[in-house]
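Encoded as C-alpha coordinates, the structure appears first; notes follow it.
The values are calculated or read from the model by the stated rules, or taken from the named source; none is laboratory data. All values reported here derive from a predicted model rather than from experimental measurement. Here Cβ is always computed from backbone atoms with ideal geometry, including for glycine, and neighbour counts include all displayed protein chains.
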Amino acid sequence: MRRVVITGYGINSSFGFGAGSLQKGLEQNSSGISRVDELLACNGLQCKIAACVGEYNINVIPRLHRRSMGRVAHLGALAALEAVEHCGATPAMITAPRTGCIMSSTMGSASELYATFDTIFTEKTMSSVSGMQFFKCASHTVAMNVAQMLGIRGEVLSPSAACASSMQAIGLGFQLIRGGILDMAFCGGAEEVNSMVVGSFESIFAAAPPARNDNPETASRPFDARRDGLVCGEGAGVIVLESLDSALARSAVIFGEVIGYNTSASGSHISQSDSTAIRDCIDAALRDANISPREIDYVSAHATGTVQGDASEADALRQVFGGKVPVSSLKGGLGHTMGASGAIELAACLMMMRDSVIYPTRNLEQPAEDCSGLNHIRQQTSAAINCFIKNCFAFGGINAVLVCRRFNA
(Lines give C-alpha, C1' and ligand atoms only; values in the text may rest on other atoms or scores of the structure.)
Protein backbone atom coordinates (compact mmCIF):
# COMPACT_ATOMS: atom_id res chain seq x y z
CA MET A 1 0.00 0.00 0.00
CA ARG A 2 1.27 3.44 -0.95
CA ARG A 3 1.83 6.33 1.43
CA VAL A 4 -0.56 9.27 1.01
CA VAL A 5 0.41 12.87 1.71
CA ILE A 6 -1.29 16.26 1.70
CA THR A 7 0.26 18.72 -0.74
CA GLY A 8 -2.22 21.60 -0.68
CA TYR A 9 -5.54 22.98 0.48
CA GLY A 10 -8.01 25.77 -0.24
CA ILE A 11 -10.45 27.22 2.27
CA ASN A 12 -13.24 29.72 2.65
CA SER A 13 -15.30 30.27 5.77
CA SER A 14 -17.05 32.95 7.78
CA PHE A 15 -13.57 34.33 8.50
CA GLY A 16 -13.12 35.11 4.79
CA PHE A 17 -11.59 33.64 1.67
CA GLY A 18 -8.29 31.81 1.68
CA ALA A 19 -6.46 29.64 4.18
CA GLY A 20 -4.77 32.74 5.56
CA SER A 21 -8.13 34.18 6.64
CA LEU A 22 -8.96 30.95 8.46
CA GLN A 23 -5.67 30.98 10.33
CA LYS A 24 -5.98 34.66 11.25
CA GLY A 25 -9.51 34.17 12.58
CA LEU A 26 -8.47 31.21 14.71
CA GLU A 27 -5.33 32.91 15.99
CA GLN A 28 -7.40 35.89 17.13
CA ASN A 29 -10.05 33.59 18.62
CA SER A 30 -12.60 35.47 16.51
CA SER A 31 -16.23 34.68 15.81
CA GLY A 32 -17.76 34.58 12.34
CA ILE A 33 -21.29 34.20 13.74
CA SER A 34 -23.77 37.05 13.35
CA ARG A 35 -27.44 37.87 12.88
CA VAL A 36 -28.42 37.27 9.25
CA ASP A 37 -31.02 39.39 7.44
CA GLU A 38 -32.17 36.51 5.24
CA LEU A 39 -33.02 34.46 8.32
CA LEU A 40 -34.72 37.43 9.95
CA ALA A 41 -37.01 37.69 6.93
CA CYS A 42 -38.17 34.08 7.16
CA ASN A 43 -41.50 33.91 8.99
CA GLY A 44 -41.63 31.35 11.76
CA LEU A 45 -37.88 30.76 11.98
CA GLN A 46 -36.73 31.13 15.57
CA CYS A 47 -32.95 30.89 15.07
CA LYS A 48 -31.76 34.14 13.49
CA ILE A 49 -27.99 33.61 13.52
CA ALA A 50 -25.45 31.88 11.28
CA ALA A 51 -21.79 31.97 10.26
CA CYS A 52 -21.86 33.13 6.64
CA VAL A 53 -19.05 33.68 4.15
CA GLY A 54 -20.55 36.91 2.83
CA GLU A 55 -20.16 38.36 -0.65
CA TYR A 56 -17.67 36.93 -3.11
CA ASN A 57 -16.44 37.59 -6.64
CA ILE A 58 -17.79 34.89 -8.94
CA ASN A 59 -15.92 36.36 -11.92
CA VAL A 60 -12.86 34.44 -10.73
CA ILE A 61 -14.72 31.36 -11.96
CA PRO A 62 -14.81 31.09 -15.77
CA ARG A 63 -18.30 31.97 -17.08
CA LEU A 64 -18.54 28.69 -18.99
CA HIS A 65 -18.51 26.87 -15.65
CA ARG A 66 -20.14 29.28 -13.22
CA ARG A 67 -23.43 29.35 -15.13
CA SER A 68 -24.18 25.81 -13.88
CA MET A 69 -23.22 26.62 -10.28
CA GLY A 70 -25.32 27.70 -7.34
CA ARG A 71 -23.83 29.25 -4.21
CA VAL A 72 -22.63 25.95 -2.76
CA ALA A 73 -20.72 25.10 -5.95
CA HIS A 74 -19.31 28.64 -6.10
CA LEU A 75 -17.84 28.18 -2.64
CA GLY A 76 -16.42 24.78 -3.56
CA ALA A 77 -14.96 26.08 -6.81
CA LEU A 78 -13.25 29.04 -5.15
CA ALA A 79 -11.68 26.74 -2.56
CA ALA A 80 -10.57 24.38 -5.33
CA LEU A 81 -8.87 27.20 -7.23
CA GLU A 82 -6.86 28.10 -4.14
CA ALA A 83 -5.99 24.43 -3.62
CA VAL A 84 -4.68 24.17 -7.20
CA GLU A 85 -2.43 27.16 -6.64
CA HIS A 86 -1.34 25.94 -3.22
CA CYS A 87 -0.34 22.45 -4.35
CA GLY A 88 1.57 23.65 -7.40
CA ALA A 89 0.38 20.85 -9.67
CA THR A 90 0.64 21.43 -13.41
CA PRO A 91 -2.45 21.43 -15.68
CA ALA A 92 -1.22 18.19 -17.24
CA MET A 93 -1.12 16.52 -13.83
CA ILE A 94 -4.60 17.77 -12.86
CA THR A 95 -6.15 16.47 -16.09
CA ALA A 96 -4.32 13.14 -15.96
CA PRO A 97 -6.57 10.03 -15.90
CA ARG A 98 -5.38 9.09 -12.40
CA THR A 99 -6.37 12.40 -10.80
CA GLY A 100 -9.81 12.46 -9.20
CA CYS A 101 -12.29 14.84 -7.60
CA ILE A 102 -14.18 13.70 -4.50
CA MET A 103 -16.34 16.47 -3.07
CA SER A 104 -19.57 16.63 -1.13
CA SER A 105 -22.31 18.77 0.33
CA THR A 106 -25.31 17.97 2.48
CA MET A 107 -27.57 18.66 -0.50
CA GLY A 108 -27.53 20.60 -3.76
CA SER A 109 -27.63 24.39 -3.55
CA ALA A 110 -30.28 25.13 -0.93
CA SER A 111 -30.98 28.60 -2.31
CA GLU A 112 -31.42 27.25 -5.84
CA LEU A 113 -33.69 24.45 -4.63
CA TYR A 114 -35.82 27.04 -2.85
CA ALA A 115 -35.90 29.28 -5.93
CA THR A 116 -36.82 26.38 -8.20
CA PHE A 117 -39.79 25.24 -6.17
CA ASP A 118 -40.88 28.81 -5.52
CA THR A 119 -41.05 29.33 -9.30
CA ILE A 120 -42.98 26.11 -9.83
CA PHE A 121 -45.49 26.79 -7.05
CA THR A 122 -45.96 30.44 -8.00
CA GLU A 123 -46.25 30.09 -11.75
CA LYS A 124 -47.75 26.58 -11.76
CA THR A 125 -45.43 25.52 -14.56
CA MET A 126 -41.94 24.15 -15.19
CA SER A 127 -41.46 26.28 -18.29
CA SER A 128 -39.98 29.19 -16.33
CA VAL A 129 -37.30 27.05 -14.67
CA SER A 130 -33.87 27.56 -16.23
CA GLY A 131 -32.25 24.60 -17.90
CA MET A 132 -29.23 25.11 -15.65
CA GLN A 133 -31.23 24.72 -12.45
CA PHE A 134 -30.82 20.96 -12.41
CA PHE A 135 -27.02 21.27 -12.33
CA LYS A 136 -27.28 23.75 -9.44
CA CYS A 137 -29.67 21.57 -7.45
CA ALA A 138 -28.22 18.10 -8.07
CA SER A 139 -26.82 16.40 -4.98
CA HIS A 140 -23.39 16.07 -6.62
CA THR A 141 -23.33 19.67 -7.84
CA VAL A 142 -20.06 20.53 -6.06
CA ALA A 143 -18.13 17.50 -7.33
CA MET A 144 -19.31 17.70 -10.92
CA ASN A 145 -18.89 21.47 -11.25
CA VAL A 146 -15.42 21.53 -9.68
CA ALA A 147 -14.33 18.59 -11.83
CA GLN A 148 -15.58 20.32 -14.98
CA MET A 149 -13.88 23.58 -14.06
CA LEU A 150 -10.53 21.90 -13.41
CA GLY A 151 -10.80 19.52 -16.36
CA ILE A 152 -10.51 16.44 -14.16
CA ARG A 153 -10.85 13.18 -16.10
CA GLY A 154 -10.35 10.60 -13.35
CA GLU A 155 -12.90 9.39 -10.82
CA VAL A 156 -15.49 11.97 -9.77
CA LEU A 157 -17.35 10.95 -6.61
CA SER A 158 -19.68 12.66 -4.17
CA PRO A 159 -20.29 10.81 -0.89
CA SER A 160 -23.26 12.32 0.88
CA ALA A 161 -23.43 11.78 4.63
CA ALA A 162 -24.57 15.13 6.02
CA CYS A 163 -21.99 16.53 8.45
CA ALA A 164 -19.51 13.69 7.81
CA SER A 165 -19.55 14.23 4.03
CA SER A 166 -16.23 15.98 3.45
CA MET A 167 -14.44 13.67 5.88
CA GLN A 168 -15.77 10.67 3.98
CA ALA A 169 -14.60 12.34 0.76
CA ILE A 170 -11.09 12.75 2.16
CA GLY A 171 -11.09 9.23 3.59
CA LEU A 172 -12.21 7.79 0.26
CA GLY A 173 -9.51 9.71 -1.57
CA PHE A 174 -6.95 8.35 0.90
CA GLN A 175 -8.10 4.79 0.28
CA LEU A 176 -8.10 5.14 -3.51
CA ILE A 177 -4.59 6.57 -3.59
CA ARG A 178 -3.25 4.12 -1.01
CA GLY A 179 -4.72 1.28 -3.06
CA GLY A 180 -3.08 2.45 -6.29
CA ILE A 181 -6.23 3.52 -8.14
CA LEU A 182 -5.50 7.27 -8.11
CA ASP A 183 -2.29 9.30 -7.87
CA MET A 184 -3.91 12.59 -6.82
CA ALA A 185 -7.34 13.66 -5.60
CA PHE A 186 -9.03 16.97 -4.81
CA CYS A 187 -11.16 16.08 -1.81
CA GLY A 188 -13.49 17.97 0.50
CA GLY A 189 -16.86 19.64 0.61
CA ALA A 190 -18.88 22.83 0.56
CA GLU A 191 -21.97 24.11 2.31
CA GLU A 192 -24.23 27.14 2.06
CA VAL A 193 -26.61 28.57 4.62
CA ASN A 194 -30.14 29.77 4.05
CA SER A 195 -33.40 29.63 5.97
CA MET A 196 -34.21 26.13 4.71
CA VAL A 197 -30.93 24.79 6.12
CA VAL A 198 -31.28 26.52 9.49
CA GLY A 199 -34.96 25.57 9.70
CA SER A 200 -34.10 21.89 9.20
CA PHE A 201 -31.91 21.88 12.30
CA GLU A 202 -34.46 23.92 14.21
CA SER A 203 -37.20 21.40 13.41
CA ILE A 204 -35.27 18.64 15.20
CA PHE A 205 -34.39 20.90 18.14
CA ALA A 206 -30.66 20.92 17.32
CA ALA A 207 -30.23 24.64 16.51
CA ALA A 208 -29.31 27.35 19.00
CA PRO A 209 -32.51 28.68 20.67
CA PRO A 210 -34.03 32.19 20.23
CA ALA A 211 -32.34 33.30 23.46
CA ARG A 212 -29.02 33.28 21.59
CA ASN A 213 -30.15 35.64 18.81
CA ASP A 214 -29.08 38.80 20.66
CA ASN A 215 -25.57 37.49 21.44
CA PRO A 216 -24.52 35.60 18.31
CA GLU A 217 -20.79 35.53 19.10
CA THR A 218 -21.41 33.51 22.26
CA ALA A 219 -24.06 31.20 20.82
CA SER A 220 -21.89 28.26 19.74
CA ARG A 221 -20.54 26.65 22.94
CA PRO A 222 -18.94 23.23 22.33
CA PHE A 223 -18.54 21.14 25.51
CA ASP A 224 -19.75 24.04 27.68
CA ALA A 225 -22.16 23.67 30.60
CA ARG A 226 -24.44 26.25 28.94
CA ARG A 227 -24.42 24.75 25.46
CA ASP A 228 -27.89 24.48 23.96
CA GLY A 229 -27.60 23.95 20.21
CA LEU A 230 -25.47 24.40 17.13
CA VAL A 231 -25.09 27.41 14.85
CA CYS A 232 -25.11 26.70 11.12
CA GLY A 233 -22.12 27.91 9.13
CA GLU A 234 -21.08 27.87 5.52
CA GLY A 235 -17.86 27.61 3.57
CA ALA A 236 -15.75 25.10 1.69
CA GLY A 237 -12.57 23.13 2.07
CA VAL A 238 -10.53 21.29 -0.54
CA ILE A 239 -7.64 19.05 0.51
CA VAL A 240 -5.16 17.84 -2.13
CA LEU A 241 -4.12 14.25 -1.50
CA GLU A 242 -1.27 12.71 -3.44
CA SER A 243 0.79 9.54 -3.43
CA LEU A 244 4.16 10.07 -1.80
CA ASP A 245 5.96 8.93 -4.95
CA SER A 246 4.12 11.52 -7.02
CA ALA A 247 4.77 14.31 -4.52
CA LEU A 248 8.48 13.50 -4.24
CA ALA A 249 8.88 13.23 -8.01
CA ARG A 250 7.74 16.82 -8.47
CA SER A 251 9.40 18.14 -5.25
CA ALA A 252 6.05 19.20 -3.82
CA VAL A 253 5.74 20.80 -0.40
CA ILE A 254 4.20 18.22 1.96
CA PHE A 255 1.97 19.50 4.77
CA GLY A 256 1.16 16.18 6.40
CA GLU A 257 0.59 12.50 5.86
CA VAL A 258 -2.70 10.62 6.16
CA ILE A 259 -2.03 7.32 7.87
CA GLY A 260 -5.43 5.99 8.95
CA TYR A 261 -9.15 6.31 8.41
CA ASN A 262 -12.40 4.68 9.39
CA THR A 263 -16.05 5.36 8.80
CA SER A 264 -18.77 3.32 10.42
CA ALA A 265 -22.33 3.52 11.68
CA SER A 266 -23.96 3.02 15.05
CA GLY A 267 -26.99 1.13 13.82
CA SER A 268 -28.88 2.34 16.88
CA HIS A 269 -30.54 5.72 16.30
CA ILE A 270 -31.05 8.01 13.32
CA SER A 271 -30.51 11.32 15.12
CA GLN A 272 -28.77 10.56 18.43
CA SER A 273 -25.02 9.92 18.51
CA ASP A 274 -23.70 6.82 20.23
CA SER A 275 -20.52 6.97 22.34
CA THR A 276 -19.76 3.27 21.87
CA ALA A 277 -19.96 3.58 18.08
CA ILE A 278 -17.77 6.70 18.16
CA ARG A 279 -15.22 4.90 20.32
CA ASP A 280 -15.20 1.92 17.96
CA CYS A 281 -14.67 4.22 14.95
CA ILE A 282 -11.72 5.96 16.62
CA ASP A 283 -10.22 2.60 17.62
CA ALA A 284 -10.58 1.30 14.06
CA ALA A 285 -8.94 4.42 12.58
CA LEU A 286 -6.00 4.03 14.98
CA ARG A 287 -5.67 0.34 14.03
CA ASP A 288 -5.69 1.32 10.36
CA ALA A 289 -2.87 3.76 11.13
CA ASN A 290 -1.07 1.08 13.16
CA ILE A 291 -0.56 3.40 16.11
CA SER A 292 -1.71 3.47 19.73
CA PRO A 293 -3.77 6.17 21.47
CA ARG A 294 -0.59 7.21 23.33
CA GLU A 295 0.87 8.47 20.05
CA ILE A 296 -1.91 11.03 19.45
CA ASP A 297 -0.92 14.58 20.39
CA TYR A 298 -4.21 16.35 19.63
CA VAL A 299 -7.88 15.61 18.96
CA SER A 300 -9.85 17.98 16.74
CA ALA A 301 -13.32 17.24 18.05
CA HIS A 302 -16.53 17.32 16.07
CA ALA A 303 -18.33 18.92 19.06
CA THR A 304 -21.07 21.14 17.63
CA GLY A 305 -22.56 22.51 20.86
CA THR A 306 -25.54 20.15 21.09
CA VAL A 307 -26.23 18.63 24.49
CA GLN A 308 -26.34 14.97 23.53
CA GLY A 309 -23.75 15.04 20.73
CA ASP A 310 -20.98 16.67 22.75
CA ALA A 311 -21.59 14.37 25.71
CA SER A 312 -21.36 11.24 23.53
CA GLU A 313 -18.13 12.37 21.90
CA ALA A 314 -16.60 13.32 25.26
CA ASP A 315 -17.49 9.90 26.65
CA ALA A 316 -15.86 8.16 23.68
CA LEU A 317 -12.71 10.30 23.97
CA ARG A 318 -12.42 9.50 27.70
CA GLN A 319 -12.65 5.79 26.91
CA VAL A 320 -9.95 5.92 24.24
CA PHE A 321 -7.53 8.57 25.50
CA GLY A 322 -8.31 9.20 29.14
CA GLY A 323 -7.75 12.81 30.15
CA LYS A 324 -4.28 13.56 28.81
CA VAL A 325 -4.61 14.29 25.09
CA PRO A 326 -5.43 17.95 24.27
CA VAL A 327 -8.92 18.37 22.80
CA SER A 328 -10.61 21.35 21.18
CA SER A 329 -13.47 22.15 18.81
CA LEU A 330 -13.24 24.98 16.28
CA LYS A 331 -16.99 25.42 15.90
CA GLY A 332 -17.26 28.06 18.64
CA GLY A 333 -16.12 30.64 16.11
CA LEU A 334 -16.71 28.97 12.75
CA GLY A 335 -20.15 27.62 13.49
CA HIS A 336 -20.97 24.16 12.20
CA THR A 337 -20.11 24.13 8.50
CA MET A 338 -21.81 20.76 8.14
CA GLY A 339 -20.71 18.96 4.95
CA ALA A 340 -17.64 21.21 4.72
CA SER A 341 -16.55 20.98 8.36
CA GLY A 342 -14.20 18.02 8.04
CA ALA A 343 -12.11 19.59 5.28
CA ILE A 344 -12.05 23.10 6.78
CA GLU A 345 -11.06 21.87 10.22
CA LEU A 346 -8.49 19.42 8.83
CA ALA A 347 -6.73 22.35 7.14
CA ALA A 348 -6.72 24.17 10.48
CA CYS A 349 -5.16 21.08 12.11
CA LEU A 350 -2.39 21.06 9.50
CA MET A 351 -1.67 24.71 10.34
CA MET A 352 -1.54 23.88 14.04
CA MET A 353 0.82 20.98 13.43
CA ARG A 354 3.08 23.18 11.29
CA ASP A 355 3.18 25.99 13.85
CA SER A 356 3.22 23.83 17.03
CA VAL A 357 0.14 25.50 18.46
CA ILE A 358 -3.37 24.40 19.46
CA TYR A 359 -6.30 26.72 18.91
CA PRO A 360 -8.85 26.67 21.76
CA THR A 361 -12.54 25.92 21.95
CA ARG A 362 -14.14 29.35 21.78
CA ASN A 363 -16.89 30.05 24.36
CA LEU A 364 -15.88 27.08 26.51
CA GLU A 365 -16.14 28.87 29.86
CA GLN A 366 -17.07 25.96 32.10
CA PRO A 367 -16.85 22.38 30.78
CA ALA A 368 -20.11 20.54 31.38
CA GLU A 369 -20.10 17.68 33.84
CA ASP A 370 -20.96 15.23 31.05
CA CYS A 371 -18.00 16.58 29.03
CA SER A 372 -15.49 16.58 31.89
CA GLY A 373 -12.42 14.40 32.27
CA LEU A 374 -10.81 15.68 29.08
CA ASN A 375 -7.83 17.97 28.53
CA HIS A 376 -9.93 20.82 27.12
CA ILE A 377 -7.86 23.57 25.48
CA ARG A 378 -9.46 26.89 26.44
CA GLN A 379 -6.59 29.22 25.53
CA GLN A 380 -4.18 29.14 22.62
CA THR A 381 -1.44 26.73 23.66
CA SER A 382 2.03 25.98 22.34
CA ALA A 383 2.44 22.26 21.78
CA ALA A 384 4.35 19.95 19.46
CA ILE A 385 1.89 17.99 17.31
CA ASN A 386 3.31 15.00 15.50
CA CYS A 387 0.07 13.05 15.14
CA PHE A 388 -3.60 14.04 15.44
CA ILE A 389 -7.09 12.79 14.71
CA LYS A 390 -10.01 14.66 13.18
CA ASN A 391 -13.53 13.56 14.13
CA CYS A 392 -16.73 14.04 12.13
CA PHE A 393 -20.15 12.64 12.97
CA ALA A 394 -23.51 12.84 11.19
CA PHE A 395 -27.18 12.01 11.43
CA GLY A 396 -27.87 8.38 10.71
CA GLY A 397 -25.31 7.36 13.32
CA ILE A 398 -22.50 7.89 10.80
CA ASN A 399 -18.98 8.38 12.15
CA ALA A 400 -15.76 9.25 10.31
CA VAL A 401 -12.29 9.64 11.81
CA LEU A 402 -9.04 10.54 10.04
CA VAL A 403 -5.53 10.09 11.46
CA CYS A 404 -2.72 12.36 10.25
CA ARG A 405 0.90 12.87 11.21
CA ARG A 406 3.80 15.17 10.47
CA PHE A 407 5.57 13.99 7.32
CA ASN A 408 8.81 12.13 7.86
CA ALA A 409 10.54 10.77 4.77
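Can you tell me how many residues in the stretch 1-51 are closer than 20 Å to Leu364 by Cα and in a loop (DSSP other than H, G, I, E, B)?
Residues meeting the conditions: 8.
Take Phe174 and decide whether it is surrounded by fewer than 24 Cβ atoms within 10 Å (Cβ to Cβ) and part of a helix (DSSP H, G or I).
For Phe174, the condition - surrounded by fewer than 24 Cβ atoms within 10 Å (Cβ to Cβ) and part of a helix (DSSP H, G or I) - is not met.
Hand me the list of helices (runs of 4 or more DSSP H) wholly inside the stretch 59-108 holding 1 or more residues that are under 17 Å from Glu192 (Cα atoms) and of a type in the set (A, V, I, L, M, F, W, C).
Qualifying helices (runs of 4 or more DSSP H): 71-87.
When both residues are 6+ apart or on different chains and their Cβ atoms are under 6 Å apart, which pairs have a first residue that lies in the stretch 143-157 and is more than 12 Å from Ser68 (Cα to Cα), and a second that is of a type in the set (D, E, K, R) and at pLDDT 95 or above?
Gly154/Arg98
Which one of Ile239, Ile204, Ile259, Ile254 is β-branched (Val, Ile, Thr) and over 24 Å from Leu22 (Cβ atoms)?
Just a single option satisfies the conditions, and that option is Ile204.
Only one of Val320, Val327 is under 19 Å from Glu345 (Cα atoms) and either without any contact (Cβ under 8 Å) to a residue 40 or more places away in the chain or aliphatic (A, V, I, L, M) (or both). Can you tell me which?
The match here is Val327.
Within the bounds of the stretch 273-281, is there any residue that is buried (at least 23 other Cβ atoms within 10 Å of the Cβ), of a type outside the set (S, T, N, Q) and on the phi < 0 side of the Ramachandran plot?
yes
Among the residues of the stretch 83-110, write down those that are surrounded by fewer than 23 Cβ atoms within 10 Å (Cβ to Cβ) and closer than 19 Å to Phe17 by Cβ.
Scanning the stretch 83-110 gives Val84, Glu85, His86.
Residue check: is Val299 more than 24 Å from Ala79 (Cβ to Cβ), in contact (Cβ under 8 Å) with a residue 60 or more places away in the chain and either touching a Gly at 6+ places or on another chain (Cβ under 8 Å) or not assigned by TED's automatic domain parsing to the domain that holds Ile102 (or both)?
yes
Taking the stretch 376-409 on its own, how many of its residues are of a type in the set (S, T, N, Q) and either free of Cβ contacts under 8 Å to residues at least 24 places away in the same chain or part of a loop (DSSP other than H, G, I, E, B) (or both)?
4
Return the pairs, sorted by first residue and then second, in which the second residue is surrounded by 20 or more Cβ atoms within 10 Å (Cβ to Cβ) and part of a loop (DSSP other than H, G, I, E, B), the first residue lies in the stretch 57-70 and is in contact (Cβ under 8 Å) with a residue 60 or more places away in the chain, the beta carbons are less than 6 Å apart, and the residues are 6+ apart or on different chains.
Taking only residues 6 or more apart or on different chains, the pairs are Gly70/Ser109.
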